[in-house]
Amino acid sequence: VADTELKLKTTELKIKIKQILTEVELILKVSGDITQKGYEKKRAKLLAPYIPQPQAVEPVPQTDQRNQSFAPPVGPAPSSSRHHRGRSGGTRDERYRSDIHTEAVQAALAKHKEQKMALPMPTKRRSTFVQSPMDACTPPDTSSASEDEGSLRRQAALSAVLCQSLQNAESWINKSVQGSSTSSSASSTLSHGEAKGVVGSIADVLAYARIDAPSAPPDVTTTTTTTSSSSSSLDRSANVDLPQSGVVKGINRGLSKSSLMDTADGVAVSSRVSTKIQQLLNTLKRPKRPPLKEFFVDDFEEIVEVVPQPDPNQPKPEGRQMTPVKGEPLGAFSNWPPALETALQRWGTTQPKCPCLTALDVTGKPVYTLTYGKLWSRSLKLAYTLLNKLGTKNEPVLRAGDRVALVYPNNDPVMFMVAFYGCLLAEVIPVPIEVPLTRKDAGGQQIGFLLGSCGVTLALTSEVCLKGLPKTQNGEIIQFKGWPRLKWVVTDSKYLSKPSKDWQPPIPAASTEPAYIEYKNSKDGSVMGVTVSRITMLSHSQALSQSCNYSEGETLVNVLDFKKDVGLWHAVLTSILNKMHTISVPYSVMKACPLSWVQRVYAHKAKVALVKCRDLHWAMMAHRDQRDINLSSLRMLIVADGANPWSVSSCDAFLNVFQSHGLKHEAICPCATSPEAMTVAIRRPGVQGTPLPGRAILSMNGLSYSVIRVNTEDKNSALTVQDVGHVMPGGLMCIVKPDGTPQLCKTDEIGEICISSRTGGMMYYGLPGVTKSTFEVIPVNSSGVPIGDVPFVRSGLLGFVGPGSLVFVVGKMDGSLMVSGRRHNSDDIVATALAVEPVKTVYRGRIAVFSVTVFYDERIVVVAEQRIDASEEDSFQWMSRVLQAIDSIHQVGIYCLALVLANTLPKTPLGGINLSQTKQHFLEGNLHPCNILMCPHTCVTNLPKPRQKQPGVGPASMMVGNLVAGKRIAQAMGRDLGQLEENDLVRKHQFLTEVLQWRAQSTPDHNLFILLNAKGAVVGTATCVQLHKRAEKIAAALFEKGHLNAGENVVLLYNPGIDLIAAFYGCLYAGCIPVTVRPPHPQNLTATLPTVRMIIDVSKAACILTTQTLMKILKCKEAAVTVDVKTWPTILDTDDLPRRRPQHIYKPPTPEMLAYLDFSVSTTGMLTGVKTSHSAVSALCRSIKLQCELYSSRQIAICLDPYCGLGFALWCLCSVYSGHQSILIPPMELDTNLSLWLSAVSQYKIRDTFCSYSVMEVCTKGLGTQTETLKARGVSLSCVRTCVVVAEERPRITLTQSFSKLFKDLGLSPRAVSTTFGSRVNIAVSLQGASGPDPTTVYVDLKSLRHDRVRLVERGAPQSIALTESGKLLPGVRVIIVNPETKGPLGDSHLGEVWVNSPHNASGYYTIYGDESLQADHFNTRLSFGDTDTLWARTGYLGFVRRTELTDAKGERHDALYVVGALDETLELRGLRYHPIDIETSVSRTHRSIAECAVFTWTNLLVVVVELCGSEQEALDLVPLVTNVVLEEHHLIVGVVVVVDPGVIPINSRGEKQRMHLRDSFLADQLDPIYVAYNM
């Protein structure tokens, strides 16, 4: 039977493989552009899974296959037949269409076919953006629960491969062949609420796995168990301490090898995230590291130098210096009038019936024709009304020379023309602008600024337009943002007054007085007004008439905007000079019927047409609908944007289609224009039969260096440009260097075109400074001598003069992007992006390209609108191919490529993309992309070289180095403890238990503790005798019920309160070792109970003391789900104790005996138990008593958690020792009453209070706005002398300063707030105390800190951070700063590890097997030279000591200790040491929606996790902002940006971030991120 089955299977397999082969042949052959070699390679690859490989004898379990399945990542495959050359009508912005270019791009992409880029696809939560269903894009998921996992694993590797390959081979192969190499990740197919426990799905593995023989889609149905299950759903309010399971100091958890994969850090490879990071790593070339100089060298110069370093092989101009080129003389024709208004008067009176302007309706039919007579009479009426009817005779509203806004829609040329000429006749200056549609139009504010600077108070408009303007509720036109107050005047005929018979407008000869102001958008988004004088207006019209050979009565079809630029110059001004008839085709008609202008040309036998490339393209697309059209009447087809380098293909394609309809090739006349220089050059209409004009085929590489080189080598990176004819009549043209001094270029050099003639603009209105540098340029020769005294106008166009004085334009100054010393044209980049088959992805070809300055260089950003139906897969595919194409063709890296939803980019009035607003949105984080790809690794090439610390620098040379630098050894000490005995208490009572018994006898009724609840009411007190008696009862219970012996460990599980204190002393009375543990959170047992269980297990506790409530929680059903409740040690509840006393109270034989165990979870996720001896307890209490001047008459308020560290000591130990009264405020009570702590401090007139950063943050955020209310309630903090924050980290200076400022109004002294510093080895190294100098703040250079050097700078210095002293060293404490590697002492200009020597150092780690080496290293270590006798404990924190100007109690200068950060937390990147908090501070500042952030590294990559508190659509805005700020301020490239929900970053009870926990959750894919971006 088995044989038969095997035969059947083999036959099936053969059939299957045959089918696949046939499909492969078919698909690959249709692809067309694949070589034989490529085909063989692909075929072999696709069949690989079916070819059995020689297997090892032992069957390998499927899980081990994983490592091999992540072959080098696969980039986007080339386009297949599916989308080969497919173009949909009109979806693409065809200004840039070029078949040649499209071919070049396809060829460039084909090159990448072999060496594919590895772009891991971003992970996106499904709910973030509503997109097309992803099911179509993901391969079938074989990890379904129904599959029998066991059987899969039991099979040998080969059968597993075959079996799984067969399951989904077809779809898989199809996917691969069709070029979809990336697949959406599992989180995009998981809806938000589904289970997140399973690590990744097979879809991800498929997405990145190459189809190799042994590595079929692996089975990832099992979840790895490296990280603790408690981290999956964190409730931040619970402040959970989460240890990494398995990382307990000195304990071997006995993890089996199978549960940890063989990777660098024991992190499971099976998770989707690590796959992607692995893939990302494979794509990054590791830089070579030069050795680090011994002493710190500032690297700023090095960074700046890298940018402009010229390439020694770059092409350089070799021609001679150009000479200015002259246009033909401007003819003086006898019949030309002295002013344009004179021409209107002549035609209006002599030929009133002649048609002047025909307007079309929405369907494209002529609706109204304005005759010259009508134009003249209406303009007269308007001029008369403006001058005489708006105000009174003595106080007219308008005077000659005033500026007036013209607000007319694009479909009303008649009203506009009347208004324009009416203004000219009235001698007021028209300022035509777009109709504002909303209060906040894109760029509307800038238009308002222009109107304001021009002093415009009056706006002319039509009745229809006025009705359409947005209004307030009472019918007034709204005040547009940034606009001056305007009076609106309607210019419809019925509202105009007829002039009296004797009134005639004065029409002087054209002079240099301003005629009109044309607005111009500059690159930065500001709007400037180019002022055109009357003489310029006339001369320019004459020059156009001459160069275009206009004659009277000709018909002209205009598609362009008639309010500005070419449309205004030809259709409104020059046409009047020549009594021409203009047919105006509005943009709205063109949208509905792209062929309408061609139909108008045919219907009116028009001689001239004014169009842009887009109109040519649209007409060409629509021409199939229309057969009977003829363009033989056209003698001139003026292409207004013919200067765009990509116009050549539009012109060619249009000619190709319409040549058969009578279009003559010589009729196509591209021109080059700019608002400043007006018409720069225009191709003259040719004579029948003249040959086609020449083309320049230029090298893109040469162009980027501003050098003209005919392209010979790589046809893919060539640019074909057509000429724009000759210089205008009467003009003089020269080409000057675009930047700096206007030096004449060489003949083979690209520069800015400058024009000198009477036909250019005269100035930017009201901007004399910019005017001078644009309108009054005197070019100089190579030796800097001016070539004459005639001023030139900069046109803003980049180009050159070719053979036969033909002018060629290759780009615009506004569109030029200077990247690393090379100039790229944004239009060229748009064209390349559009040539990458955008039909499926980009909406209507809408792409914006601009540059942003990041890290001393310009970086290119590409933003495109994504089609609504585009799938995630297609978009990502398109993005990755665009990157390849631009890299190949332009040799420049793209910094950021973003896709936004269709129709969401800010628009210009005519519907184009408003670039400056788009850029502004991008930089402010308001762009809301739906897809984003950052590629900083490829395009940031100016990072300083990575450094390496010199090996072989021994302690001696370090020492010598320090002495050479003349620095003192960095050490400091607190006051001497021995000489400060104030009574016999210390000598008499060595142990705290003795002190308590003594107090119970001598001051039995003295109140030691007062416990407050959320309402501020006293819920518990303890006098000395009450505490003593309660402790005795607990000791008796431990002996009798618990049957415990002295020295056994007892876990104390209590909420913060007096019970905990009594239980602690009860343990000491019984000779047991207390271990305080935070109780589990009843609402979050799954997350908090495992930690409790772990501490109980690790401490080998023989008994648990707790309350009845907590005892029930420990034994409840919910608890049983998380831990084994049957194996708890003995649980004693202390609520109801027998009234018995122990037979004796235990007294330890020596003070070195263990007093208690202090367990806590470090920020790196380490659970450590530290042993504290009785002598250390007494020494600590004595130090604090002296430092804070604590006596029995004093009161202190404590708002801290009492479970570990100094919080525990202050809560449980100090009051008993010093006899002062402690007011206990459990921090969790602040959740229900924020002002509890401050109110209590005020009510009891507390002088010294202790809190944690969490408490301070809660008060700052929650009460900051309520200071007035608190004041009214009588809260006063004027009594506070010290407010101490207990911490084991760098002081949070911004938080403490905010707190001080906020509560200054309640009387809080600015000097009151200070911090402590402690660590695992010594819980209180420093504490501000009652007397002594105030804490000092210094400003440290960040760059030197990264080199472990300390350089103090002035406040506000760039790249500096403020560090404040961590309190004063406690009496008896000595610290020294040590090099953590060499263990040699350091000078005070170095950053090193803080080592501490003190009688209250802890004794060591509590270990089971006693890992002596670790213990000796941390608790009893010696310097490698210098004072080698003293025993020190290593705090694990980096810091430095600085001598200040202040004096201490003994009159000596005070040495301040500054803590910079935990050594374990530092990130070693690029050979430098970074502190996470510095990077996090920068990131938090970048966007208002970042609630919190954390950073960590994983195999050389920097990962930034940010919590988003805004809407999810802002998630992707954060990616570029985070990348920018880290690059700018820390010179690091972010590898991965993870955007998560608020509260995901785990925080421990001290308010410190647990970054290692976060890292583990990230790698195990337990964060449920909103978005994960992998920066390339």
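A single member of F1299, F1303, F1317 is over 30 Å from the mean Cα position of the chain (by Cα), of a type in the set (F, W, Y) and within 30 Å of H1530 (Cα to Cα), and it is F1317. Filter the stretch 300-356 for residues that are among the β-branched types (V, I, T) and outside any helix (DSSP H, G or I); which is modelled with the lowest pLDDT? Step by step, filter the stretch 300-356, then rank; the result is V307. The listed residues are I860, I829, I787, and the only one of them that is over 30 Å from M934 (Cβ atoms) and touching a residue at least 24 places away in the same chain (Cβ under 8 Å) turns out to be I787.
Against the criterion of being part of a strand (DSSP E or B) and open to solvent by less than 10 Å² (accessible area, probe 1.4 Å), C651 does not qualify. Scanning the stretch 1451-1469 for residues that are touching a residue at least 40 places away in the same chain (Cβ under 8 Å) and either exposed (fewer than 15 other Cβ atoms within 10 Å of the Cβ) or among the charged types (D, E, K, R) (or both) yields a total of 3. Can you tell me which residue in the stretch 1007-1019 is nearest to H1220 (Cα to Cα), limited to those that are out of contact with any Ser or Thr (no Cβ under 6 Å at 6 or more places or on another chain) and touching a residue at least 40 places away in the same chain (Cβ under 8 Å)? The residue in question is L1011. Looking across T1486, T1499, one residue alone is buried (at least 19 other Cβ atoms within 10 Å of the Cβ), touching a residue at least 60 places away in the same chain (Cβ under 8 Å) and β-branched (V, I, T). It is T1486. Looking across the stretch 1496-1524, just one residue is farther than 21 Å from N931 by Cα, touching a strand residue (DSSP E or B) at 6+ places or on another chain (Cβ under 6 Å) and not hydrophobic (A, V, I, L, M, F, W, C), and that is T1497.
Kindly indicate whether V1505 is under 20 Å from T1315 (Cβ atoms), modelled with pLDDT of 95 or more and either of a type in the set (G, A, S) or in a strand (DSSP E or B) (or both). Taking the combined requirement at face value, the residue does not satisfy it. Of everything listed in (1) modelled with pLDDT of 95 or more; (2) crowded, with 24+ Cβ neighbours inside 10 Å; (3) not in a loop (DSSP other than H, G, I, E, B), the single unmet condition for D1059 is (2). Of the residues making up the stretch 757-804, those that are farther than 22 Å from L544 by Cα, open to solvent by less than 60 Å² (accessible area, probe 1.4 Å), of a type in the set (S, T, Y) and in a loop (DSSP other than H, G, I, E, B) number 1. Give D1388, D1348, D1417 a once-over and let me know the one that is of a type outside the set (A, V, I, L, M) and without any contact (Cβ under 8 Å) to a residue 24 or more places away in the chain. When all the criteria are applied, what remains is D1417. Selection of helices (runs of 4 or more DSSP H) fully inside the stretch 372-463 by the criterion of at least 1 residues being open to solvent by 10 Å² or more (accessible area, probe 1.4 Å) and among the basic types (K, R) returns 372-388.
Whether a residue is part of a strand (DSSP E or B) and either of a type outside the set (A, V, I, L, M, F, W, C) or at pLDDT 95 or above (or both) was assessed, and V1538 passes this test.
Taking the stretch 1419-1450 as the range and being open to solvent by 30 Å² or more (accessible area, probe 1.4 Å) and either acidic (D, E) or over 23 Å from S1403 (Cα atoms) (or both) as the test, the residues that pass are F1425, G1426, D1427, D1429, R1442, R1443, E1445, L1446, T1447, D1448, A1449, K1450.
Listed by position, the helices (runs of 4 or more DSSP H) contained in the stretch 1095-1202 that have at least 2 residues being within 18 Å of I1061 (Cα to Cα) are 1108-1115, 1174-1188.
Screening the candidates V710, V657 for the property of being more than 30 Å from G319 (Cβ to Cβ), of a type in the set (V, I, T) and surrounded by fewer than 23 Cβ atoms within 10 Å (Cβ to Cβ) yields one hit, V657. Within the stretch 1525-1543, the set of residues being under 23 Å from N931 (Cα atoms) and open to solvent by 10 Å² or more (accessible area, probe 1.4 Å) comprises V1525, I1533, D1541, P1542. Restricted to the stretch 464-490, and to residues that are charged (D, E, K, R) and free of Cβ contacts under 8 Å to residues at least 40 places away in the same chain, which residue is least open to solvent (accessible area, probe 1.4 Å)? By that ranking, first place goes to K471. Does I735 fit the bill of being farther than 30 Å from S633 by Cα and in contact (Cβ under 8 Å) with a residue 60 or more places away in the chain? Criteria met by I735. Counting only residues that are under 17 Å from L568 (Cβ atoms) and open to solvent by 20 Å² or more (accessible area, probe 1.4 Å), the stretch 511-534 holds 5 of them. Is there a residue in the stretch 1560-1569 that is surrounded by 21 or more Cβ atoms within 10 Å (Cβ to Cβ) and in a strand (DSSP E or B)? No: zero hits.
A count restricted to the stretch 1187-1206 and to residues that are open to solvent by 20 Å² or more (accessible area, probe 1.4 Å) and on the phi < 0 side of the Ramachandran plot stands at 7. Scanning the stretch 830-872 for residues that are farther than 22 Å from D524 by Cα, open to solvent by 10 Å² or more (accessible area, probe 1.4 Å) and outside any strand (DSSP E or B) gives E837, V839, K840, R867, I868, D869, S871, E872. For the residues I583, I638, the requirement of being within 30 Å of N825 (Cα to Cα) and surrounded by 24 or more Cβ atoms within 10 Å (Cβ to Cβ) singles out I638.
In this structure, does V1258 turn out to be surrounded by 20 or more Cβ atoms within 10 Å (Cβ to Cβ) and either assigned to a helix (DSSP H, G or I) or of a type outside the set (S, T, N, Q) (or both)? Judged against the criteria, V1258 is not a match.
The values are calculated or read from the model by the stated rules, or taken from the named source; none is laboratory data. Note that the coordinates shown come from a computational prediction; the quantities given were computed from them, not determined experimentally. No Cβ is skipped: glycine too gets one built from the backbone with ideal geometry, and neighbour counts run over all protein chains shown. Remember, those area values only see protein heavy atoms, side chains included, never the ligands or the DNA or RNA. Shrake-Rupley method; radii C 1.70, N 1.55, O 1.52, S 1.80 Å.
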